[in-house]
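K.L.:
The structure that follows is given in the form of structure tokens.
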Amino acid sequence: MRIEKWVQDSAGRLDAVVLLDAREEPSTVQVLEFVDCQAGIEKIWLLGRATLKREENRVLVRTCVLPAMELPQLEGRTAEYRLKQPTDAQIEQQLQALAQTRMETSEDDKPARAGDLATLDFDAELEDGTRFSGSMGRDGRYHLAVGEELPEGVWQAVVGKKAGDGFQCRVQLPYTYEDKRAAGKNAVYTGWVKKIVHQRMPELNDTFAQSFGQENMSALRAIIRDSFLEQEAGEARRIISQRMLHALSDETIVELPQLAVELEAEYQWRQLENRLEKSGISLESHLRRLHKTREKLDASIRVHAAEDMKLRAVFLAVARQEGLTVSDAETEAAARAATRGLAGAQIDRMQLRQRLCVEKGMRYVTERMALKPAKMSIT
């Protein structure tokens, strides 16, 4: 491959003609990667997606270049975020979660209680005799609790039984049952209990606190409170940083290439249609659910496309201004991570490199923000 023609116009559009060698049959991804590489050599920053059209031994590529813009002040942006002390209920909830990790277990001949672990064999069938997915269990270990693998009526039938006891029950399977043939239908379970492991929550006392390296429960509660505040502060900083990044984008005046917005809107339409197809939902059903016409949805998608492209353009401009580039090694590492476990998958490195540059631009600005907690309110 080689570039036969490379033309930029005043509207920010870039047209490239890629001449193919004899018998060369590159994929779309390979052509885009070649054009992206050529743009880097030419010190051109590309913006957005691209269209390709094959004409004999030529590929016509149309995309956009990053427009010139004057960025707002990047340094010294400040903001406050608010934190609240965790409530007693929140600390207690975390203590209960810690207690789950110190659960005391025992085996004896006492009947099963809710919360115990039971080893069961069972068979099940619908009332008409039909077997279904999950209708047989052998040596399965089940937690006798709401929300676990067994239907609620089954584990409730096991409560009160001892090891060696049999059980039988009739239950209605949930409408969300994985085997759609059985969802919402009645099933009869027959089985026996092979083993019961009783579980008991430890007492929340100083001995419990010492198992976590703390002197007493007061110290453990203080650690939990500090951890809660640290997590809340991290989330608050993340949210406020995102708001400030969007604010910087809003402050920037830039005339986006119309082609870039159109191509992004087309891409978002394709993504939506693919998701609907995989979910087995028609576009008409989706529109009815949104209470929108196709025209209104198209207008909404175009607005989002313009917002997305402006955000991308602004932080690509930050990267350009500050000399932040993405190396081939960084791009390759990101491509490997994106396609890990997907045999034969290819990735558009033109888009990948832009995304990595945008992330570097955002990180540059975020690192220069002064974020501090406001005076804490106590509940």
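We did not get these values from a lab; they are worked out from the coordinates using the rules stated. Remember, it's a predicted structure, so these values are computed and weren't measured experimentally. Neighbour counts are summed over all protein chains in view; Cβ atoms, including those assigned to glycine, are modelled from backbone coordinates with ideal geometry.
K.L.:
Along the Cα→Cβ direction, 7 angstrom out, place labels at residue 192 and residue 131. What is the inter-label distance in nm?
P.N.:
2.0
K.L.:
In nm, to one decimal, how far is the residue 53 label point from the residue 235 one, both placed 7 Å along Cα→Cβ?
P.N.:
Here the modelled spin labels are 5.1 nm apart.
K.L.:
Loop-only check: which GluC sites (Glu not before Pro) in the range 313-350 are DSSP coil with at most 11 other Cβ within 10 angstrom?
P.N.:
Working: sites: 322, 330, 332; in loops: 322.
Hits after loop and neighbour filter: nothing returned.
K.L.:
Test of understanding: what is the full-extension gain from residue 22 to residue 226, defined as 0.36 nm times their sequence separation minus their Cα-Cα distance?
P.N.:
Values: separation 204, 0.36 × 204 = 73.44 nm, distance 6.69 nm.
Extra length from residue 22 to residue 226 when fully extended: 66.8 nm.
K.L.:
To continue, here is another question. Can you give the helix-only mean residue ellipticity at 222 nm for the chain, where every DSSP H stretch with n ≥ 4 adds -39500 (n - 2.57) and the sum goes over all residues, rounded to the nearest 500 deg cm²/dmol?
P.N.:
Numbers: 10 runs with 163 residues, N = 379.
Result for the chain: -14500 deg cm²/dmol, rounded to the nearest 500.
K.L.:
What FRET efficiency do you get for residue 291 and residue 266 if R0 is 22 Å and r is their Cβ-Cβ distance, rounded to the nearest 0.05? Don't skip to the answer; put the middle values down first.
P.N.:
Details: r = 24 Å, r/R0 = 1.09.
After rounding to 0.05, the efficiency reads 0.35.
K.L.:
Additional query: First measure r as the distance between the Cβ atoms of residue 281 and residue 327, then evaluate 1/(1 + (r/R0)^6) with R0 = 45 Å and state the FRET efficiency to the nearest 0.05.
P.N.:
Values: r = 42 Å, r/R0 = 0.92.
Step by step, r from the Cβ atoms, then E = 0.60.
K.L.:
Next question, about the same structure. Towards the positive end of the charge dipole of the chain, with charges on Cβ (+1 Lys, Arg; -1 Asp, Glu), say which of 263, 169, 1 has the farthest Cα.
P.N.:
Sorting the options by dipole projection puts first 263.
K.L.:
Starting from the range 43-96, pick out the trypsin sites (Lys or Arg not before Pro) whose DSSP state is loop and whose Cβ has at most 13 other Cβ atoms within 10 Å.
P.N.:
On the way: sites: 43, 49, 53, 54, 58, 62, 77, 82, 84; in loops: 43, 77, 82.
Taking the range 43-96 and a limit of 13 other Cβ atoms within 10 Å, the loop trypsin sites (Lys or Arg not before Pro) found are 43, 82.
K.L.:
A further question follows. Return 308, 298 ranked ascending by Cβ neighbour count within 10 Å, so the fewest neighbours appear first.
P.N.:
Numbers: 308 17, 298 13.
With the sparsest Cβ surroundings first, the list reads 298, 308.
K.L.:
Let me ask something else. Expressed as a whole number of Å, what is the distance separating the alpha-carbon centroids of the range 237-310 and the range 6-84?
P.N.:
20
K.L.:
Calculate, in whole percent, how much of the Cα-Cα pair population of the chain lies beyond 29 Å. Don't skip to the end; give the middle numbers.
P.N.:
On the way: 47902 of 71631 pairs.
Roughly 67 percent, rounded to a whole number.
K.L.:
Now for a different question. Nearest 5 percent is fine: what portion of the DSSP beta bridges confined to the chain is antiparallel? Show your work: numbers first, answer last.
P.N.:
On the way: 47 of 52 bridges.
Taking every DSSP beta bridge with both residues in the chain, the antiparallel ones total about 90 percent.
K.L.:
Given the range 104-200, what count of lysine pairs have C-alpha atoms under 24 Å apart, with each pair 8 or more places apart or on different chains?
P.N.:
Working: 110/161; 110/162; 110/194; 110/195; 161/194; 161/195; 162/194; 162/195.
So the count works out to 8.
K.L.:
Separation between the residue 219 and residue 96 pseudo-spin-labels, each 7 Å from Cα along Cα→Cβ, expressed in nm?
P.N.:
2.7
K.L.:
Which order results if 283, 150, 117 are arranged by neighbouring Cβ count within 10 Å, fewest first? Show your work: numbers first, answer last.
P.N.:
On the way: 283 14, 150 22, 117 18.
Neighbour counts put them in this order, fewest first: 283, 117, 150.
K.L.:
Among the GluC sites (Glu not before Pro) within the range 102-164, which fall in a DSSP loop and have no more than 10 other Cβ atoms within 10 Å of their own Cβ?
P.N.:
Details: sites: 104, 107, 125, 127, 148, 149, 152; in loops: 107, 127, 148, 149.
Qualifying residues, ordered by number: 127.
K.L.:
Still on this model: Taking the Cα centre of the range 109-234 as origin and charging only Cβ (+1 Lys, Arg; -1 Asp, Glu), how large is the dipole, in debye to the nearest 20?
P.N.:
Details: 16 positive and 20 negative charges, 87 e Å.
So the magnitude is around 420 debye.
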